[in-house]
1. Excluding residues fewer than 8 places away in the same chain, name every one of the lysines whose C-alpha is closer than 16 Å to that of Lys284.
2. With a/c under 1.5 counting as rounded, go ahead and sort segment 111-214 into rounded, prolate or oblate using the C-alpha gyration tensor (a ≥ b ≥ c being the square roots of the eigenvalues; past the cut-off, prolate if a/b is larger than b/c, else oblate).
3. Given the Cα-Cα distance of Lys303 and Glu343 and 0.36 nm per residue of separation, how much length would full extension add, in nm?
4. Identify which of Lys243, Lys320, Lys312 has the largest mean-square fluctuation in a Gaussian network model of the chain, with springs joining Cα atoms closer than 10 Å.
5. Considering only the chain, what is the antiparallel percent among its DSSP beta bridges, to the nearest 5?
6. Per residue of segment 256-269, what does 6.51 cos²θ - 1.76 cosθ + 1.60 with θ = phi - 60° give for ³J(HN,Hα)? Whole Hz please, x for Gly and Pro, Karplus curve as stated.
7. What does the highest-first list of 36-45, 115-124 look like by mean Cβ count within 10 Å?
8. Give the long-range amide H neighbours of Ser87: residues separated by 5 or more places, or on another chain, with amide H under 5 Å away, using H modelled in the peptide plane at 1.01 Å from N.
Amino acid sequence: MSKKRKTKLIITLTMLQSGVLGISGCSGSRHMSQAKYSVEHIRGEMKPLNCRPAGVCEGIGYYFDYYGLASEKYVEGVAHSFGTFESEGFTIAAHIYVPENAKGTVVVMHGYLNHCGQLKYAIRHLLESGYAVCAYDMPGHGLSTGKDAWMDNFDRYAQVMQDFKAIVAERCPGPYNVMAFSHGACAVIQTHLEGKEDFFEKTILIAPLVRPVHWKHAQFSYRLYWAFRDSVPRIVSKNSSDKEFLDFNRFRDFLHKQRVPLIWVRALEKWNEKVHTLDATGSKMLVIQGDKDSTVDWKYNTKFLAGKFDTKEIILKNGKHELLNETAEIKNRVFDEINSYLEFSD
């Protein structure tokens, strides 16, 4: 290897280890605790959403309790369906919660490397507020199939969301709304810009991803690193002020993905190229962002969104990236803003 190439490799490794790929998370030196049931075991118990199993199997019940997703235990009168649907060659794991006399439905989208288990507080809050709630694990995440955190084209994320809408329309009452966190916002942003979004009445983006921090450096890094690796470790980052959440996310979340495939970074780059060329729309949306977010380039992202849509911005002081898993004070401010927006008539 030439001296020049070695120098480039050292620069790249240094940049990757310092987190300039912008994918913050909570991988650590301690070992992840062992789950009672494996992902494969739980998947083996799952059935299509259109099936009505007689009861909850042991593995699925363990998963519900472990992640606090049995919200029907906390909110009276909620019917909880859990199962799968097929989309884009993936088997997608999904939850549908319908309370009695629901006044509408909110589809909730999780962030990159995460899964529905990290939405438990948002799900419970929306149910307590009288909304039906629907959520699914994205391809390569949680209990859905696909290589871990892998994606070659963000169009496929958008299509999975479109396919889920059809299920939601059959199972839940309108009006229909969407609340998308971080990477989950990408599919929502794309369908709005492509003029394909006529399903959701209201759109809420929480710490949305357009570009991660240090995006230009990340593009440079992954191109150099491509010849040596197909993925990089997720970088340690305190993306919430809630210490209990950080500890669980780092050491006890057995569904949490620990590596970032470089093909996903390339797909994000292609998605950025696409959405930046699409015309602005008059779509209205609420954008809630923390001013201490070190995961996404939030100043750039909010400016981009304001240029494409009719946005209302809420910048939360001291809010980090994981706004749905922040301290109670910050989390409650987020939920208050969500409720106000959902209940406000334009």
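1. Answer for Lys284, where 16 Å is the Cα cut-off: Lys196, Lys202, Lys303, Lys308, Lys312, listed by chain and number.
2. Rounded, because the longest to shortest axis ratio a/c is under 1.5.
3. 11.8 nm is the gain from fully extending Lys303 to Glu343.
4. Maximum among the listed residues: Lys243.
5. 40
6. 3J(HN,Hα) across segment 256-269, in whole Hz: 6, 7, 10, 9, 10, x, 5, 5, 5, 4, 5, 5, 5, 4.
7. Highest-to-lowest ranking by the protection proxy: 115-124, 36-45.
8. Sorted by chain and number, the residues that satisfy this are Ile92.
Since every read-out is calculated from the coordinates, none of them should be taken as a lab result. Note that the structure is predicted; figures quoted are calculated from it, not measured. When we count neighbours, we look across all protein chains shown, and the Cβ atoms used for this are built from the backbone with ideal geometry, even at glycine.
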